[in-house]
Amino acid sequence: MIRTARAPRIDWRAYVVPLGCVLLWVWAASTGRWNPHLLVPPQQLAIGFAQSARNPELWLALGTSLARLAAGFLLGSIAGIAVGVAVGCSRFAERLITPSLDSVRQVALFAWIPLLTAWFGDGDAAKVILIALAAFFPAALNAQSGCRQAPAALLEVGRVLEFDALTRLRRIILPSARPSIAAGLQIALTSAWIGTIGAEYLIDQGAGLGVFLASARMDNRMDVVIVCIVLLGFTGCALSALVRWVFQKGAPVRGVVLVDD
Amino acid sequence: MIRTAPFATTGAPAARRARPAALRSTQTYARLRAIAIGAIVPLAVLAVWSIAVQLHLMRSQILPAPLTVWRTGIELLTGGDLASALAVSLQRVVLGLALGGGLGFIAGTLLGRSQTLDAYFGPAIRTVCQIPTIAWLPVFMLVFGIGEELKLAVIAKATFFPLFLNSFAGMRTAPVRFHEVADVLELNAWQRLRLVTIPAALPLVATGVRLALSNAWHVLIVVEMLASAAGIGHMMAWSRTLFQLDVVFVTIAVIGATGWLMDAGMRRLERLAMPWSAS
């Protein structure tokens, strides 16, 4: 089914269902038949938002999480790109590392938490390593597939010009891998953000948005829980927009993108 | 968590089977060589691990000897503890997939068939599904408590979207030319469904199931670590609390192996049941 391209037009039909849900929510809350702790009335949610916006603890928690994210993301993505480029450029490196990486990748990310906390304690080290692990694989996979995509013609030119390995990497392989690497970093950042919240939520020690969320749940404060989720959703969107913006000059972002939880 | 397609390995094309014996023996050699090179890293890790244990670099509580882990693994496997924990977890996955994946399939198929339904419901569904399952967890825990309903709800959420997206794409994927052929052959609605629509959609639905299984497995481990009295994730978290790191090692391996087996099994099934599928 080929649809002709036309200017994007806002389709009012998209808003019917969300609006209906909101109306249903307002009505259901006003009857008072359901537990207001679970079915938060609109006015209370508004109060929750207003209170949270003025709550320095929430912003501090967000800051802590972002700092942790930055540390883990840098660590994981740099290691990931390095390994990905090595594996993408060298047959031997691929044979050496790929089977092990593939095995490690099979383990669900958060299943590493018990081991990491036993080794590194409940502090920042375990969390940062988990975040790095979350960022590592998307960065590595996309860097690898990017290096593979270096055009054969260019590689041939490099051979004719007798480029050494480093020049070949710098002048031919990395430029052609750039869009893939950018896509990988974008996925890695989203993955690392989920890893951050999950690690904080599961380890539940120290500060951070995940810890804040966990304590809001313990206190039975659905309004605060919703505020936290909205905040982490927006932060995630803002972060991916940031990466897109940084790499805007590059070619359109393509890559192995299979987002899941 | 975000997962990506597997590392590309140097796969052997099917055409190689036809080659003469001499070549085949060099291929056997090449394969053995690949296995040997691939085993270097795991063996090195094992060596470092053994040395670290021998030199008592870490407390044995935190770093059990490789042999201890191996024995514990055998013990758990033969003793049935692991099997019963795994059975609980897998049952949850299957039930959650049946509920969430089933709903996702129905919604995806309906919205894929009808542009109108898609215009009304599509944007809302896609927006809600953008929020990762992990973030939903606190809400679900407040609403459903920490019982079996929680696990069902979380897995249903994790499996809904992959099946929704893929069945949706499956409905819209049959090339226009196929429908034109169907027009020329004057197929009736039933024949068209059987010969064009279903064969085109099925591989995508299978991919959806595969992604859903992997999603479900990942979030289930988290839920079981947080709030459960049974299952493989609980077993792992509990042995961590008791500082039985050997059991933790074994459960990590089992979690990885189970995830891999589900994925490989689905791929195999896809190839057998749908030889026309491209993936």
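The values are calculated or read from the model by the stated rules, or taken from the named source; none is laboratory data. Predicted, not measured: the structure shown is a model, and the values here were computed from it. Note that we place each Cβ from the backbone using ideal geometry, even for glycine, and neighbour counts take in every protein chain shown.
A few notes on this one:
- So A:Phe137, is it surrounded by 24 or more Cβ atoms within 10 Å (Cβ to Cβ), free of Cβ contacts under 8 Å to residues at least 60 places away in the same chain, within 25 Å of the chain's Cα centre (by Cα) and part of a helix (DSSP H, G or I): yes
Per-residue answers, yes or no, for (1) within 11 Å of chain A (Cβ to nearest Cβ); (2) under 19 Å from B:Leu226 (Cβ atoms):
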| position | (1), (2) |
| --- | --- |
| B:Ser114 | no, no |
| B:Gly122 | yes, no |
| B:Ile131 | yes, yes |
| B:Lys151 | no, yes |
| B:Phe164 | no, no |
| B:Val181 | no, no |
| B:Ala200 | no, no |
| B:Pro203 | no, no |
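- Of all residues in segment A:140-164 being among the aliphatic types (A, V, I, L, M) and without any contact (Cβ under 8 Å) to a residue 40 or more places away in the chain, the one that is nearest to A:Ala177 (Cα to Cα): A:Ala150
- Boolean, A:Leu74 is in a helix (DSSP H, G or I), under 22 Å from the mean Cα position of the chain (by Cα), surrounded by fewer than 18 Cβ atoms within 10 Å (Cβ to Cβ) and among the aliphatic types (A, V, I, L, M): yes
- Segment A:83-103 - residue that is without any contact (Cβ under 8 Å) to a residue 40 or more places away in the chain and more than 8 Å from chain B (Cβ to nearest Cβ) and, of those, surrounded by the fewest Cβ atoms within 10 Å (Cβ to Cβ): A:Ser90
- Of all residues in segment B:135-182 being of a type in the set (Ser, Thr, Tyr) and crowded, with 22+ Cβ neighbours inside 10 Å, the one that is nearest to A:Leu189 (Cα to Cα): B:Thr159
- Residue match in segment A:42-65 (condition: free of Cβ contacts under 8 Å to residues at least 12 places away in the same chain and within 13 Å of another protein chain (Cβ to nearest Cβ)): no
- Residue list for segment B:1-50, filter: at the interface with chain A (Cβ under 8 Å from one of its Cβ atoms) and modelled with pLDDT under 70: B:Met1, B:Ile2, B:Arg3, B:Thr4, B:Ala5, B:Pro6, B:Phe7, B:Ala8, B:Thr9, B:Thr10
- Every residue from segment B:233-257 that is more than 9 Å from chain A (Cβ to nearest Cβ) and in a helix (DSSP H, G or I): B:His234, B:Met235, B:Trp238, B:Asp246, B:Val247, B:Val250, B:Val254
- Candidates B:Arg92, B:Arg71, filtered to the one that is among the basic types (Lys, Arg), under 24 Å from the mean Cα position of the chain (by Cα) and not in a loop (DSSP other than H, G, I, E, B): B:Arg92
- Residues in segment B:110-134 that are surrounded by fewer than 17 Cβ atoms within 10 Å (Cβ to Cβ), aliphatic (A, V, I, L, M) and within 28 Å of the chain's Cα centre (by Cα): B:Leu110, B:Val128.
- Among the criteria (1) buried (at least 19 other Cβ atoms within 10 Å of the Cβ); (2) within 30 Å of A:Gly63 (Cα to Cα); (3) of a type outside the set (Val, Ile, Thr), the one A:Gly206 does not fulfil is (1).
- In the set (1) within 12 Å of chain B (Cβ to nearest Cβ); (2) in a helix (DSSP H, G or I); (3) of a type in the set (Val, Ile, Thr); (4) under 23 Å from A:Gly72 (Cβ atoms), the condition left unmet by A:Val107 is number (2).
- A:Asp164 at negative phi and in contact with a Lys or Arg (Cβ under 7 Å, 6 or more places away or on another chain): no
- Condition met for B:Leu195 (in contact with a Leu (Cβ under 7 Å, 6 or more places away or on another chain) and assigned to a helix (DSSP H, G or I)): yes
- Residues that are at pLDDT 90 or above and more than 7 Å from chain A (Cβ to nearest Cβ), drawn from segment B:215-229: B:Ala216, B:Leu220, B:Val223, B:Glu224
- Selection within segment A:140-164: residues that are in contact with a Ser or Thr (Cβ under 6 Å, 6 or more places away or on another chain) and in a helix (DSSP H, G or I). The member of this set that is surrounded by the most Cβ atoms within 10 Å (Cβ to Cβ) is A:Asn142.
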